[in-house]
Amino acid sequence: MKVTLKIQRYNPEQDRKPHFETYVVEQDPTDRVLDALNTVKWQHDGTLTYRRSCAHGVCGSDAMQINGRNRLACKVLIQDVGTNITVEPVLGFRVIKDLVVDMEPFFASYRLIKPFLITSEPAPTGRERHQSQEDRDLIDDTSKCILCAACTTACPITWTNEEFVGPAAIVQAHRFIYDSRDQGKDDRLNILNDRSGVWRCRTIFNCTDACPRGIKITKAIEQVKRTILFEGP
């Protein structure tokens with residue numbers, strides 16, 4: 001089947017502003033949008049630039065706008081979006097080239113919330129730190145995050161406020177705040193109890209809709225808010 005891809009292009013060394021270019025490629029209905037982008041790059045225009053790696057929805061590299069919605073190109077089937085597909089970079093971050101954006105602000109927010117186990121207790125000799133199934137269930141959802149930034153770049157607050165840590169950082173904080181093995185809960189709650197933290201969220205649900213892993217992001221943010229309010233950092 002013929003598929004028409006309308007792709008936003010931008011080369012800062014040549015272009016004054018972004019523009020669209022159109023490509024017609026042959027694809028199967030069960031091919032993914034990433035397959036179509038690969039066809040463009042490998043057979044039509046080798047200058048097309050985008051991120052991709054595992055192609056199986058695990059690495060989170062290929063988040064982009066597909067027909068106006070943040071999605072992973074490797075998970076979207078052509079038969080689900082039709083034969084006329086518009087592809088644009090995600091919003092909120094500086095475009096480096098074509099579909100590639102500068103992810104450094106995203107990872108700066110990620111580092112801010114200390115995304116690692118904090119504990120003063122030595123590990124049990126010869127074995128890992130155990131959790132009960134009930135304790136694991138508390139963080140099972142937010143542990144699925146693959147740092148694709150689809151949620152953060154779908155958030156209107158992120159588009160207009162560079163200081164906001166963003167949904168993904170809060171999801172990562174949630175994963176450790178409620179981890180029974182971690183002792184850094186108060187540190188993270190203090191970080192998020194700030195004008196650039198959870199209180200900047202307006203509960204729009206764009207983040208939840210955009211998540212390719214199905215994480216209930218808005219729910220996680222609200223849980224952190226309630227913990228700050230009723231338990232305090």
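Coordinate-derived values only; no laboratory data. Because the structure is a prediction, the values reported are computed rather than measured. Neighbour counts are summed over all protein chains in view; Cβ atoms, including those assigned to glycine, are modelled from backbone coordinates with ideal geometry.
Magnitude of the charge dipole for segment 35-83, about its Cα centre and with charges confined to Cβ atoms of Lys, Arg (+1) and Asp, Glu (-1), is about 140 debye. For the chain, the relative contact order works out to 18 percent when only alpha carbon pairs closer than 8 Å and six or more residues apart are counted. The residues neighbouring H44, those whose beta-carbon lies less than 14 Å from its own, together hold a net charge of -1 under the Lys/Arg +1, Asp/Glu -1 convention.
GNM on the chain, alpha-carbon springs under 10 angstrom: the most fluctuating residue among A149, A108, A220 is A108. Here the dipole of the chain is about 240 debye; that uses its Cα centre as origin and unit charges on the Cβ of Lys and Arg (positive) and Asp and Glu (negative). Taking the chain as a Gaussian network of alpha-carbon nodes connected by springs under 10 Å, the highest mean-square fluctuation of the residues Q14, Q223, Q131 belongs to Q14.
Sorting I113, I146 from the fewest to the most surrounding beta carbons within 10 angstrom yields I146, I113. Listed as lacking a disulfide-compatible partner in the chain: C74, C145, C148, C155, C201, C211, by the criterion of no other cysteine Cβ under 4.7 Å.
Each label point was placed 7 Å from the Cα along the Cα-to-Cβ direction; for F107 and R129 their separation is 2.5 nm.
Comparing Cα centroids, segment 88-157 and segment 40-78 end up 21 angstrom apart.
The residues T218, T158, when put in order of fewest to most other Cβ atoms within 10 Å, stand as T218, T158. With respect to the chain, whose longest principal axis is taken over its alpha-carbon atoms, helix 217-230 is tilted by about 30°.
Take the Cβ atoms of H56 and L229, set R0 to 35 Å, and the FRET efficiency comes out at 0.30. Label-to-label distance for K2 and Q183 is 6.7 nm, based on points extended 7 Å past Cα in the beta-carbon direction.
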